[in-house]
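The values are calculated or read from the model by the stated rules, or taken from the named source; none is laboratory data. Note that the structure is predicted; figures quoted are calculated from it, not measured. No Cβ is skipped: glycine too gets one built from the backbone with ideal geometry, and neighbour counts run over all protein chains shown. Accessible surface is based on the protein model in full, side chains and every heavy atom, while ligands, DNA and RNA are left aside. Shrake-Rupley method; radii C 1.70, N 1.55, O 1.52, S 1.80 Å.
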Amino acid sequence: MITQKHKGIFLITASSFFFALMNLFVRLSGDLPAIQKSFFRNFIALLFAAFVLLQERPVLTFTPKAKRHLFLRALFGTVGILCNFYAVDHLLLADASMLNKMSPFCAVIFGAFLLKEKPNRFQTISILIAFVGVLFIVKPTGNWNLLPACIGLMGGVMAGAAYTYVRSLGQQHIAGPFIVFFFSAFSCVVTLPYLLLHFHPMTGMQILFLFLAGLAAAGGQFTITSAYCYAPAREISVYDYAQIPFSALLGFVIFGQIPDWLSWVGYLIICGTAVAMFLYTTGKQATT
């Protein structure tokens, strides 16, 4: 029997693949300002979400709490994206990636305090083990500049907070497409002034790759929003780490990048932890 948790697991894994695709297309788009890439990423997602809303026409009713949480989800999500892009521009990619992958931890922590969804010992240990796998893969150097490192860490914290509010909005029956639409619109409004002042001309191929990045981002936003509406972070956040093996696979196929043995150890740790979490979740369902 397919449960809400199983749907959440599938959707957050799918979101990891979409975000890995997004990063691939962003890289292929070449040397453009990170905020310009961010704007187009969010603008395409905005159009996609608007199309889905026009097709589905969900009934939208907002309590004061829902309005507040929509704003906080958009604010934290936007700050998280900008912090992550800043870290990528000023740190080694491995270091920036590790800092950004603090978001699953933070989603569990915020979920425990804001939504009273406290993880048990097995779930906490699983997330910690998965993060050890991330360390094997990204191999952080420790040669960080303090300011970019703090900003990169803040990006992971903000993303975790944003996903917590996504979960809260799902519990309040706010339609997922509207959550994506509001977040994308908010992000576009925030980044538009910079884009107008510092716009860089783009080639046809760069526009195509940014368009594809926006579509992949829309897929990632829709699936991760649905995932956290179906299940709490303590039960599915570990599957967010699937983005790293997906990225490694795309890097091998597109760029011929071959991971070293430490990375393979990390992949095995992450995949093994995800399987253990799935079996644990399934076993708990069978006994209830």
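List of remarks:
- Number of the condition not met by Phe252 [criteria: (1) within 18 Å of Ile137 (Cβ to Cβ); (2) open to solvent by less than 10 Å² (accessible area, probe 1.4 Å)]: (2)
- Qualifying residue in segment 30-42 (condition: open to solvent by less than 40 Å² (accessible area, probe 1.4 Å), in a helix (DSSP H, G or I) and in contact with a His (Cβ under 9 Å, 6 or more places away or on another chain)): yes
- Among the candidates Leu169, Leu146, Leu197, Leu153, residue that is open to solvent by 30 Å² or more (accessible area, probe 1.4 Å) and in contact (Cβ under 8 Å) with a residue 24 or more places away in the chain: Leu153
- Within segment 43-65, tally of residues that are touching a Gly at 6+ places or on another chain (Cβ under 7 Å) and open to solvent by 30 Å² or more (accessible area, probe 1.4 Å): 1
- One residue alone among Ala175, Ala185, Ala161 is in contact (Cβ under 8 Å) with a residue 40 or more places away in the chain, over 15 Å from Ser226 (Cα atoms), among the small types (Gly, Ala, Ser) and open to solvent by 10 Å² or more (accessible area, probe 1.4 Å), and that residue is Ala185.
- Applying the criterion of being of a type in the set (Ser, Thr, Tyr) and open to solvent by 10 Å² or more (accessible area, probe 1.4 Å) to the residues of segment 214-239, the residue that is nearest to Glu117 (Cα to Cα) is Tyr230.
- Single condition Arg73 does not satisfy, out of (1) open to solvent by 30 Å² or more (accessible area, probe 1.4 Å); (2) under 18 Å from the mean Cα position of the chain (by Cα): (1)
- Subset of segment 200-213 [in contact with a Gly (Cβ under 9 Å, 6 or more places away or on another chain) and open to solvent by less than 60 Å² (accessible area, probe 1.4 Å)]: Met202, Gln206, Phe209
- The condition (being over 24 Å from Gln171 (Cβ atoms), of a type outside the set (Val, Ile, Thr) and buried (at least 17 other Cβ atoms within 10 Å of the Cβ)) is satisfied by just one residue among Phe18, Phe25: Phe25.
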